[in-house]
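K.L.:
My questions will all concern the structure given below.
The values are calculated or read from the model by the stated rules, or taken from the named source; none is laboratory data. Only a predicted model underlies this, so the values are computations on that prediction, with no experimental measurement involved. Backbone-built Cβ (ideal geometry, glycine too); neighbour counts: all protein chains shown.
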Amino acid sequence: MIRQMHSSFVLAAIFAALAVSHVEAKPAEQKKAMTKLEAATSLAPMLARVLPGVVSVLIEGQRNKPVTIEAAGSSGSAPIVPTPVVEPFQSGGSGVIVDAAKGIIITNQHVIVDATSIHVQLSDGRVTEAKLVGADVGTDVAVLQIPLKGLTAVPFGDSDRLRIGDFIAAVGNPFGLEGSASQGIVSALMRSDIGYEVFEDFIQIDAAVNPGNSGGALVDIEGRLVGINTATGAQKLRTQGIAFAIPINMARAVADELIRNGTFRRGVLGFLTENLNFEMAQQMNLTITRGAAVKSVFPNTPAAEAGIKKGDVIVAIAGKPVRGHSDYVARVSSTPIGQSLKVELVGTGGKRELTLMVSDVMVSPMAEVPPMGVKGLDGLSLGAMLPGFKAFGLVQGARVLNVGDGVVAASGLKVDDVITKVDMATVRTPQDFFDTTNSKMGRYRLEVFRDGRTFWIWLTSGA
């Protein structure tokens, strides 16, 4: 149906342009009419402007192979943590020049992770070493800088103005095939809970995005940058025709902060949320069923000072709908500290609008949920990851709060480790871990993040 609509649009444009060309006109007017005709029937004029601003990012680096920690022996000896094996690697991706005068390039953080050297190849064949200005794991945004002159930047668009059905093009270097473009439409907006990044607010598209496209440009029909291509649905959703891009408004805010400070510091508004569901809405006599319900408010924070209370429901931030907890986290976590946000909420006092400043107030990482004990794993308690915890924004998972002195401690698990997987199941919250381990008894393989390293630990539950 979409292709039929697109064909109809093109045919209408052709007939309109041909009608203009049949009218007696000056050569300049005829040339203008033909230019409009070409623009209506082909993306070539637009892509000719965009392609010079999309680059190949070439990476060389070293990374540690995941290792398995051996549990303590019967003699009570300490768990053995093997020396990590370092492997060299080469990889590549795409990037977008956004400031020609300063040589600033936006790409994905996962494109340059573990890099020891980064080079950029331009569409005209020039190759140069790139400096890493900064990177943010939570949003998968990185900024590079190159020293070359005569660059072409892709102009910024406004991702907040995108609509489902808008035509877009994805430009990058899939499989090392530089200067590749694919076209499609915006399939959905504000996609979250996909599991690619810590803070998600994706544009979903049906244009082809393949390995090597990551970090490339998503442009609108006018050639304006509206997103940074980051992932294909085939990687996790096991389907085709689904890909995702980071909205340029989010990527630009993060990039600006990286350029200023070299890092992106995340702040808070001072309250924690959960998804509003039908039962909660009924209990609170609400007519809405989507939003982020406030479940706790921290003292001495912007939220507490503004009078936000438990049970209030956040329905919009900065004019964008908040459909649940993930939307709330994405909006706040991609906003620099010190910037104000308009927050719309519904509570016992009706609908209100507040202006809150994102603060760098640090919250106790143990405050969100009570430690959650796990059956058969005495001594183990888990909590959520919140601002103030050193791994916040680096990974998603369940933070280890206590290991006791039994089988858990003997496994090699430590306080402040982050459990990211149980066997093949992804862990994003303590509840995920609880659900997975209580569904069976036995031996579990935990994927654990500690001090920038990821490794596996075998853990056997008790009776």
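K.L.:
Only residues in segment 295-312 that are without any contact (Cβ under 8 Å) to a residue 24 or more places away in the chain count as the first member; pair them with residues that are β-branched (Val, Ile, Thr) and surrounded by 18 or more Cβ atoms within 10 Å (Cβ to Cβ), Cβ under 6 angstrom, at least 6 apart or cross-chain, and list the lot.
P.N.:
Lys310/Val294
K.L.:
For Glu279, are the conditions met, namely being part of a helix (DSSP H, G or I) and surrounded by fewer than 24 Cβ atoms within 10 Å (Cβ to Cβ)?
P.N.:
Spelling it out, Glu279 is indeed part of a helix (DSSP H, G or I) and surrounded by fewer than 24 Cβ atoms within 10 Å (Cβ to Cβ).
K.L.:
Identify, by number, the condition in (1) surrounded by fewer than 16 Cβ atoms within 10 Å (Cβ to Cβ); (2) touching a helix residue (DSSP H, G or I) at 6+ places or on another chain (Cβ under 8 Å); (3) in a strand (DSSP E or B) that Ser91 doesn't meet.
P.N.:
(1)
K.L.:
Taking into account only those residues within segment 248-266 that are polar (S, T, N, Q) and touching a helix residue (DSSP H, G or I) at 6+ places or on another chain (Cβ under 9 Å), which is modelled with the highest pLDDT? Step through it out loud before you land on a result.
P.N.:
Of segment 248-266, the ones polar (S, T, N, Q) are 249, 261, 263.
Filter once more, keeping what is touching a helix residue (DSSP H, G or I) at 6+ places or on another chain (Cβ under 9 Å): 249, 263.
Working: Asn249: 90, Thr263: 83.
In this case the residue turns out to be Asn249.
K.L.:
Which residues, taken from segment 334-361, are of a type in the set (S, T, N, Q) and either in contact with a Ser or Thr (Cβ under 8 Å, 6 or more places away or on another chain) or farther than 26 Å from Thr263 by Cβ (or both)?
P.N.:
Within segment 334-361, Ser334, Ser340, Thr348, Thr355, Ser359 qualify.
K.L.:
Shifting gears a bit: What are the residues in segment 134-168 that are surrounded by 18 or more Cβ atoms within 10 Å (Cβ to Cβ) and of a type in the set (A, V, I, L, M, F, W, C), if any?
P.N.:
The initial filter retains those residues of segment 134-168 that are surrounded by 18 or more Cβ atoms within 10 Å (Cβ to Cβ), namely 134-144, 146, 151, 153-154, 157, 159, 162, 168.
Passing the criteria: Ala135, Val137, Val141, Ala142, Val143, Leu144, Ile146, Leu151, Ala153, Val154, Leu162, Ile168.
K.L.:
Another question, then. Of the residues that make up segment 429-438, is at least one of a type in the set (Val, Ile, Thr), buried (at least 19 other Cβ atoms within 10 Å of the Cβ) and modelled with pLDDT of 80 or more?
P.N.:
Checking segment 429-438: not a single residue is of a type in the set (Val, Ile, Thr), buried (at least 19 other Cβ atoms within 10 Å of the Cβ) and modelled with pLDDT of 80 or more.
K.L.:
Next question. Checking Met190 against (1) surrounded by fewer than 23 Cβ atoms within 10 Å (Cβ to Cβ); (2) of a type outside the set (D, E, K, R); (3) at pLDDT 85 or above, which single condition isn't satisfied?
P.N.:
(3)
K.L.:
Only one residue in Val133, Val98, Val137, Val143 is aliphatic (A, V, I, L, M), assigned by TED's automatic domain parsing to the domain that holds Arg63, touching a Phe, Trp or Tyr at 6+ places or on another chain (Cβ under 8 Å) and touching a residue at least 40 places away in the same chain (Cβ under 8 Å). Which one?
P.N.:
The match here is Val98.
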